[in-house]
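The structure appears right after this line, and notes come after that.
The values are calculated or read from the model by the stated rules, or taken from the named source; none is laboratory data. It should be emphasised that the depicted structure is a prediction, and the values quoted were computed from it without experimental measurement. Cβ placement follows ideal geometry from the backbone for every residue including glycine, while neighbour counts extend to all protein chains displayed. For the accessible areas, the whole protein counts, side chains as well, though only heavy atoms, and no ligand, DNA or RNA atoms are used. Shrake-Rupley method; radii C 1.70, N 1.55, O 1.52, S 1.80 Å.
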Amino acid sequence: MGFNITKLDQVLVFKISRPDKRNAVNYEVMDGLAEAIHQAEQDDHIKALLITGEGEKAFCAGGDLQSFHSLKTQSEAYEMLSKMGDILYRLAVLPKLTVAFINGTAIGGGCEIAAACDYRVAKKGAKLGFVQGDLAITTGWGGGTLLYERLVPSQAFRLLTEANIHTADQLYEAGFIDATLQDETLEAVIASIKRRIDKSPGVLSAYKNMLIEKWKRGDLEQRMKNEVHQCSILWESEEHHKAVERFLQTK
């Protein structure tokens, strides 16, 4: 199985378990994340959902290009992109705290998953990048729209257009990463946010719902859907398919 879901105290842990693929997302992982969100919604004992990757090298390398490179047309791409976009919207508006533990490299869609979470904790030395622009597409799961909600817009625009790889420390200074850790255990990650989750569930959900209400008034869901649609248009281009082929050849 490409994922596993466990409980650690009052935290539900979703772990992408495809280390041989650098924890890249395929349809199985999408379904697993949707299931984890559902479990967090239904379990009143759960205060937070934590997302991480298996192993020490990668949090998530984005979408599995070998799986999704067969998608050639706009409609084919849209079906995949919108599926994950809907899941990330559900993650963003989950009325529980959400945490991405970036235990290794996070690129492309991996950064989009992180952007959908309330907090981002990274292992010292981890590298991150919204690199989609180098593949002749935009962010396509709604992560670009979410990044504009997390950072000053000019800072988000720079990260997206430059498509560079950054260290966790650099993105901590930029405000995207909330904390960096030497200790990579889940217990250490949870301890780093203990002050934030050590409140009654009612308090946490009330504050989260204030944020969700702001996003709903700002039509976040539709803006994420617009992003998905724009990416699907670019996905169909010959420029994108050639860029992916070059990338796969280097691997």
* Structure fact -> Here the qualifying pairs (Cβ atoms under 6 Å; residues six or more apart or on different chains; first in region 107-121 and within 20 Å of A34 (Cβ to Cβ); second open to solvent by less than 10 Å² (accessible area, probe 1.4 Å) and of a type in the set (S, T, N, Q)) come out as C117/T98; D118/T98
* Asked: For region 112-142, which residues satisfy the criterion of being among the aliphatic types (A, V, I, L, M), under 11 Å from I177 (Cα atoms) and within 11 Å of the chain's Cα centre (by Cα)?
  -> A114, A115
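Could you say which residue among I107, I102, I113 is over 14 Å from V13 (Cα atoms), open to solvent by less than 10 Å² (accessible area, probe 1.4 Å), touching a Leu at 6+ places or on another chain (Cβ under 9 Å) and β-branched (V, I, T)? Explain how you work it out, then say what you get.
Numbers: I107 fails: open to solvent by less than 10 Å² (accessible area, probe 1.4 Å); I102 fails: over 14 Å from V13 (Cα atoms).
Only one candidate passes the filter, namely I113.
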* Structure fact -> By residue number, the members of region 171-199 that are of a type outside the set (V, I, T) and closer than 20 Å to E149 by Cβ are L171, Y172, E173, A174, G175, F176, D178, A179, R196
* Restricting region 234-244 to residues that are acidic (D, E) and in contact (Cβ under 8 Å) with a residue 12 or more places away in the chain, which is surrounded by the most Cβ atoms within 10 Å (Cβ to Cβ)? -> E236
* Picking from I190, I177, which residue would you name as being within 19 Å of the chain's Cα centre (by Cα) and modelled with pLDDT under 95? -> I190
* In the set L94, L50, L88, which member is closer than 18 Å to E112 by Cβ, within 16 Å of the chain's Cα centre (by Cα) and part of a loop (DSSP other than H, G, I, E, B)? -> L94
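Considering region 151-166 alone, what residues qualify as being assigned to a loop (DSSP other than H, G, I, E, B) and touching a Ser or Thr at 6+ places or on another chain (Cβ under 9 Å)?
Taking region 151-166 as the starting set, the residues that turn out to be assigned to a loop (DSSP other than H, G, I, E, B) are 151-152, 163-165.
Result: I165, single match.
Evaluate the following for L135: is it within 20 Å of W235 (Cα to Cα), among the hydrophobic types (A, V, I, L, M, F, W, C), open to solvent by 20 Å² or more (accessible area, probe 1.4 Å) and touching a residue at least 60 places away in the same chain (Cβ under 8 Å)? First the steps, then the outcome.
Values: within 20 Å of W235 (Cα to Cα): yes; among the hydrophobic types (A, V, I, L, M, F, W, C): yes; open to solvent by 20 Å² or more (accessible area, probe 1.4 Å): yes; touching a residue at least 60 places away in the same chain (Cβ under 8 Å): yes.
Considered against the rule, which asks whether it is within 20 Å of W235 (Cα to Cα), among the hydrophobic types (A, V, I, L, M, F, W, C), open to solvent by 20 Å² or more (accessible area, probe 1.4 Å) and touching a residue at least 60 places away in the same chain (Cβ under 8 Å), L135 comes out as yes.
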* Asked: If a residue has to be closer than 17 Å to V99 by Cα and open to solvent by 60 Å² or more (accessible area, probe 1.4 Å) to count, how many in region 194-233 make the cut?
  -> 8
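Please go through region 125-141 and pick out each residue that is in contact with a helix residue (DSSP H, G or I) (Cβ under 6 Å, 6 or more places away or on another chain), assigned to a loop (DSSP other than H, G, I, E, B) and hydrophobic (A, V, I, L, M, F, W, C). Steps first, answer last, please.
Applying the first criterion (in contact with a helix residue (DSSP H, G or I) (Cβ under 6 Å, 6 or more places away or on another chain)) to region 125-141 yields 126, 128, 130, 135-141.
Okay, now just the ones that are also assigned to a loop (DSSP other than H, G, I, E, B), so 126, 130, 136-141.
Hits for region 125-141 are A126, F130, A136, I137, W141.
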* Hey, could you check region 42-55 for residues that are under 18 Å from N23 (Cα atoms) and in contact with a Pro (Cβ under 9 Å, 6 or more places away or on another chain) and say which is least open to solvent (accessible area, probe 1.4 Å)? => G53
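Does region 71-84 hold any residues that are open to solvent by less than 10 Å² (accessible area, probe 1.4 Å) and either out of contact with any strand residue (DSSP E or B) (no Cβ under 8 Å at 6 or more places or on another chain) or farther than 16 Å from I37 by Cβ (or both), and which are they? So that I can check it myself, show each step before the final result.
Restricting attention to region 71-84, the residues satisfying the condition of being open to solvent by less than 10 Å² (accessible area, probe 1.4 Å) are 77, 80-81, 84.
Within region 71-84, A77, M80, L81 meet the criteria.
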